[in-house]
1. Tally up the residues in the stretch 160-191 that are surrounded by 15 or more Cβ atoms within 10 Å (Cβ to Cβ) and not in a helix (DSSP H, G or I), please.
2. Scan the stretch 150-159 and tell me whether some residue there is touching a residue at least 24 places away in the same chain (Cβ under 8 Å), surrounded by fewer than 21 Cβ atoms within 10 Å (Cβ to Cβ), of a type in the set (K, R) and touching a helix residue (DSSP H, G or I) at 6+ places or on another chain (Cβ under 7 Å).
3. Would you check if A301 is closer than 29 Å to V62 by Cβ, touching a residue at least 12 places away in the same chain (Cβ under 8 Å) and either surrounded by fewer than 15 Cβ atoms within 10 Å (Cβ to Cβ) or in contact with a Phe, Trp or Tyr (Cβ under 8 Å, 6 or more places away or on another chain) (or both)?
4. Would you mind stating whether S107 is among the hydroxyl-bearing types (S, T, Y) and under 19 Å from the mean Cα position of the chain (by Cα)?
5. Checking the structure you have, find out if any residue of the stretch 70-89 is polar (S, T, N, Q) and under 16 Å from the mean Cα position of the chain (by Cα).
6. Quick one: which of A228, A220 is small (G, A, S), out of contact with any strand residue (DSSP E or B) (no Cβ under 7 Å at 6 or more places or on another chain), in contact (Cβ under 8 Å) with a residue 60 or more places away in the chain and more than 25 Å from V183 (Cα to Cα)?
7. Against the condition under 22 Å from N263 (Cα atoms), out of contact with any His (no Cβ under 7 Å at 6 or more places or on another chain) and free of Cβ contacts under 8 Å to residues at least 40 places away in the same chain, how does A171 come out, does it pass?
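Any read-out appearing in this document is the output of simple, stated calculations on the displayed coordinates, not a laboratory observation. Everything numeric in this text was worked out from a predicted model, so none of it was measured. Note: ideal-geometry Cβ built from the backbone for every residue, glycine included; neighbour counts use all protein chains shown.
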Amino acid sequence: MSVVESPRPVLALSHIQSLAAPDMAAVDALIRARLASDVVLINQIADHIISAGGKRLRPMLVVLAGRACGPAIADHHQLAAIIEFIHTSTLLHDDVVDESDLRRGRSTANALWGNAPSVLVGDFLYSRSFQLMVELNRMEVMRILADTTNRIAEGEVLQLLHVHNPDTDEATYLRVIERKTAVLFAAGTQLGALASGADPATQRQLYDYGMNLGYAFQIADDVLDYTADAADLGKNLGDDLAEGKATLPLIHAIRQSDSIIANRLRDIVRSGDADAMPEVLTAIRATGGLEYSQRRASEYAASAEQALDGLPENDAMAALRGLARYAVERRH
């Protein structure tokens, strides 16, 4: 008689947020305290983007990974704040490069204050994150975060090289995601485990979880750019198309369409013609681009869950599994 393995526990997003709430309140307080500068413009711009909120997913991953491996400690909160500062600085820089005017339903900092102040405050947040790293006085932490920020910068440049490039393939698209998104997820989950004293093998499992989650999250995000309601998404639909970025739904459509439609789609990418959005959507739907992309996101989410196999079960572990499900099931 075969034994049926009981399913591992998975928490819904509302339960995950409740579980993490005390730690996230401490992280938020630390973020606000360490944003302070005697330069007024820095305070204004930093507060504008931090107070926009968002999911705070990256710092939440730090504390959940830490709690999955042991009790929460102050180092988890500081590491979570570091991760959020790095992420926020990349948002400020991204919005300038992309000439974006809307993020999380609000005007971007560059739309309100201009490009130069946004870039410089992004630099301030980067440098503040390194000040917080030094305070922890752990060489391994500094090594992981220095390597991570360097790879993020590589990702920014790699993406820039492929803007308006209609021949961007899936492999290149995934390389950009790895550096721009997934490495910061992976650093957060690894650092959470490291701060809890987890052994190298456990740290590696949490790193692999974060890396796969980052892929899943970004691919799902790129699907939403073609399917979500603009008010829910908090940005203009079709922004990627207008910026000349070929994300996976469109890459798949170009790959699967006949030569006439594929060449038309390539021309749209070259020109960044946002007005061609209905035409692009028709091609994406005709080739199953949304379904294909969603399936790829789900594969990465499944790999994220599998990376946790063999680790002790607790509420935080169930929360990490829940976030893998949420990454691909969300609607904004």
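1. The total comes to 5.
2. Among the residues of the stretch 150-159, at least one is touching a residue at least 24 places away in the same chain (Cβ under 8 Å), surrounded by fewer than 21 Cβ atoms within 10 Å (Cβ to Cβ), of a type in the set (K, R) and touching a helix residue (DSSP H, G or I) at 6+ places or on another chain (Cβ under 7 Å), which makes the answer yes.
3. The answer is no for A301.
4. Answer is no for this residue.
5. Checking the stretch 70-89: at least one residue is polar (S, T, N, Q) and under 16 Å from the mean Cα position of the chain (by Cα).
6. That would be A228, the only listed residue that is small (G, A, S), out of contact with any strand residue (DSSP E or B) (no Cβ under 7 Å at 6 or more places or on another chain), in contact (Cβ under 8 Å) with a residue 60 or more places away in the chain and more than 25 Å from V183 (Cα to Cα).
7. Against the criterion (under 22 Å from N263 (Cα atoms), out of contact with any His (no Cβ under 7 Å at 6 or more places or on another chain) and free of Cβ contacts under 8 Å to residues at least 40 places away in the same chain), A171 qualifies.
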